[in-house]
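The structure appears right after this line, and notes come after that.
The values are calculated or read from the model by the stated rules, or taken from the named source; none is laboratory data. Keep in mind it's a predicted model, so treat the numbers as computed, not measured. Cβ placement follows ideal geometry from the backbone for every residue including glycine, while neighbour counts extend to all protein chains displayed.
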């Protein structure tokens, strides 16, 4: 079989032919440990040789069902035909000139696509960067330039990156912040509407969380001092938390009423991942600025800040940029990825993934009371594991289930402030048979624990 987006032939099957990791991966791991910094970890200690469709093949010939997509990056597959075709053609023309030295049409084309695809019918402009963290950092710069204010409001369980400023914006200490301070100032954290863990229950969550968040901003920061409110419409590393309905509109309205730039961090949730082009569309949220990366370019490094033209243009000439920002090969890949998303209707495929996964996971929860919550949208689904009969996080079982899946040839990822969330980010081009087989292995993992 070939991957749905037309990539090179790669059998779409789970295949375990050695111990995990196999001998070649072990040899490479020894070389890695000798020369790569110890802080660069690995979720699954195997070395990739090929990948495409819904599988990842390692150097020992093991083939894993991929339920991670390189953390929501390869939504169109690891070698989508349009991505390869466009990127290869650009490689033959030139690899770099620096868009700030001599611009090129591809940069403009990507910005035109972003203006078309992002929410809202207002005039929009974009700036291109290399990574999600860089996009977030620049969004904050732009908001501060526009408002002439300094404070930035973020939320519990947030993750926004690993640079100094974005570590300050991120909530979780280990492994993202521990030992790396001091951090950038004028960052203020407020509650998010986390339905599963809201003290008075999910039915009260949106109203109470919004009221508490706004009250803290007004009393502890002063709305007139806030440049930006920054939030992930579905919180990623924090555990795929989908804020209770009504929370995001309330926060967005508060921002509008007080001249605060509302920034949607769609780095993990954007580009069809949730069954819509962007997750904030679910409640009709139109952000002032939106940050994107991950799924934008089919695996090549590219990121963007897109927003209202008057906000984006508030920055002085030369104030935005970077040597590699909007690299021409990455821009070509992004145009190929967007072409693939449209051609294959990956929003519809994401919604079908949600239908399959939530059906299977709901049945699992009826069997295994360690599963406390099922949440997410599209191809961004998670389960939160707890001590049965409580909401006490169970990180130990989460790690054990992930380990079982890895040994059986299924790549899954963990997440969550408490380390007790299994998150699923399959390539949106994955075959339904593979997806169901991966879920069969997940069920075996839970059964094995008992």
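Does residue 325 qualify as being assigned to a loop (DSSP other than H, G, I, E, B) and out of contact with any helix residue (DSSP H, G or I) (no Cβ under 9 Å at 6 or more places or on another chain)? No; evaluated as a whole, the condition is false for this residue. Do the conditions hold for residue 240, that is, is it in the same structural domain as residue 202 (by TED's automatic domain parsing), closer than 24 Å to residue 172 by Cβ, surrounded by 24 or more Cβ atoms within 10 Å (Cβ to Cβ) and touching a helix residue (DSSP H, G or I) at 6+ places or on another chain (Cβ under 8 Å)? No; evaluated as a whole, the condition is false for this residue. I'd like the full set of residues that are touching a helix residue (DSSP H, G or I) at 6+ places or on another chain (Cβ under 7 Å) and surrounded by 23 or more Cβ atoms within 10 Å (Cβ to Cβ), limited to the stretch 329-352. Answer for the stretch 329-352, where residues must be touching a helix residue (DSSP H, G or I) at 6+ places or on another chain (Cβ under 7 Å) and surrounded by 23 or more Cβ atoms within 10 Å (Cβ to Cβ): 330, 331, 332, 333, 334, 336, 337, 338, 340. Residues that are without any contact (Cβ under 8 Å) to a residue 60 or more places away in the chain and either surrounded by 15 or more Cβ atoms within 10 Å (Cβ to Cβ) or within 16 Å of residue 302 (Cα to Cα) (or both) within the stretch 112-133 comprise 112, 133, listed in sequence order.
In a residue-by-residue description of the stretch 285-306, the property of being assigned to a helix (DSSP H, G or I), over 25 Å from residue 321 (Cβ atoms) and touching a helix residue (DSSP H, G or I) at 6+ places or on another chain (Cβ under 9 Å) applies to no position. Of the listed requirements (1) more than 21 Å from residue 327 (Cβ to Cβ); (2) surrounded by 23 or more Cβ atoms within 10 Å (Cβ to Cβ), residue 197 misses just one: (2). Screening residue 310 on (1) more than 21 Å from the chain's Cα centre (by Cα); (2) more than 29 Å from residue 122 (Cα to Cα); (3) in a helix (DSSP H, G or I) shows it passes everything except condition (2). Residue 137 meets the conditions (1) in contact (Cβ under 8 Å) with a residue 60 or more places away in the chain; (2) out of contact with any strand residue (DSSP E or B) (no Cβ under 8 Å at 6 or more places or on another chain) in every case but one. The failed one is (1). Just checking, which of 396, 358 is part of a helix (DSSP H, G or I) and closer than 22 Å to residue 268 by Cβ? Going through 396, 358 in turn, the sole match is 358. Being surrounded by 21 or more Cβ atoms within 10 Å (Cβ to Cβ), within 22 Å of the chain's Cα centre (by Cα) and not assigned by TED's automatic domain parsing to the domain that holds residue 306 is true of residue 378.
Within the stretch 218-232, at least one residue is closer than 22 Å to residue 280 by Cβ and either part of a helix (DSSP H, G or I) or modelled with pLDDT under 95 (or both). Please work out if residue 337 is assigned to a helix (DSSP H, G or I), within 18 Å of residue 68 (Cβ to Cβ) and not assigned by TED's automatic domain parsing to the domain that holds residue 72. Yes: the conditions hold for residue 337. Residue check: is residue 372 within 19 Å of the chain's Cα centre (by Cα), over 23 Å from residue 278 (Cα atoms), outside the structural domain of residue 191 (by TED's automatic domain parsing) and at pLDDT 95 or above? Here the answer is no, as residue 372 does not meet what is asked.
A single member of 318, 322 is on the phi > 0 side of the Ramachandran plot and in contact with a strand residue (DSSP E or B) (Cβ under 7 Å, 6 or more places away or on another chain), and it is 322. On the stretch given as the stretch 399-450, residues that are more than 24 Å from residue 53 (Cα to Cα) and either out of contact with any helix residue (DSSP H, G or I) (no Cβ under 9 Å at 6 or more places or on another chain) or not in a helix (DSSP H, G or I) (or both) total 8.
Residue-wise test of (1) crowded, with 18+ Cβ neighbours inside 10 Å; (2) in contact with a strand residue (DSSP E or B) (Cβ under 9 Å, 6 or more places away or on another chain); (3) at pLDDT 95 or above; (4) assigned to a loop (DSSP other than H, G, I, E, B).
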| position | (1), (2), (3), (4) |
| --- | --- |
| 11 | no, yes, yes, yes |
| 30 | no, no, yes, no |
| 34 | no, no, yes, no |
| 38 | no, no, yes, yes |
| 46 | yes, yes, yes, yes |
| 57 | yes, yes, yes, no |
| 64 | yes, yes, yes, no |
| 95 | no, no, yes, yes |
| 103 | no, no, yes, yes |
